[in-house]
Amino acid sequence: MRKYAIVFLVIILFTACNNNDESIDYREQNEQEILAYIESNNLNAQKSSSGLYYVIDEPGEGEQPIATSDVTVAYKGYFTNGTVFDESDANGISFNLQRVIKGWTEGITYFKEGGSGLLLIPAHLGYGNSDYAGIPGGSVLLFDINLISVN
């Protein structure tokens, strides 16, 4: 009987230690964080049905990408506290919109070539609950973007 109690205790401890945050829904927390950022920075942001917020500073005049387009974008990624976590040079980087986070796949399509603005991306459209390359799970991501070209 004692043998079963030890096995049961080990199972309980393993289950408790294996408690990951995949079940946490950050949507409400992210929404409040984004709205506070918008208010404190006096932004005129639009909200899409997915929960993405975006600000169009310059809509651009060239071709407008779709979710499957190859694009070149110059960007700066940072948190709502201003800490920068990634940045391209002025020449930008080229990629297919299907190979990036959902917030970019959707958000970049709101601009035409030459367009610029800000994407405010909640965690469910970014890296979700998982830590990624120094970005904590559940994080709101902000990106200043400049759509250089649709390739």
| field | Neighbour-count ranking [beta-carbon atoms within 10 angstrom, fewest first] of F95, F111, F143 | value | F95, F143, F111
| field | [x] 76, 34, 28; [y] 63, 43, 25; [z] 57, 35, 21, with the label sought being that of the calculated Cα extents along the principal axes in Å | value | [x]
| remark: For segment 88-99, Karplus-derived ³J(HN,Hα) couplings (6.51, -1.76, 1.60; θ = phi - 60°; whole Hz; x for glycine and proline) come out as 8, 7, 5, 6, x, 10, 10, 6, 8, 5, 7, 10
| note | The rounded separation in angstrom of the Cα centers of segment 41-60 and segment 103-151 is 12
| Lysine pair count for the chain [Cα-Cα under 22 Å; pairs on different chains or 8 or more apart] | 6
| Order of K102, K47 - criterion: other Cβ atoms within 10 Å of each residue's Cβ, fewest first | K47, K102
| Cα axis of helix 27-40 to longest principal axis of the chain: angle in degrees, 0 to 90, nearest 10? | 40
| query | Against the longest alpha carbon principal axis of the chain, how many degrees, from 0 to 90 and to the nearest 10, is the axis of helix 2-17 turned? | reply | 10
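Laboratory data are not the source of any read-out in this text; all were calculated from the coordinates shown. On a predicted model such as this, the values are computed, not experimentally measured, just so you know. A quick note on method: Cβ atoms are made from the backbone with ideal geometry, for glycine too, and the neighbour counts reach across all protein chains shown.
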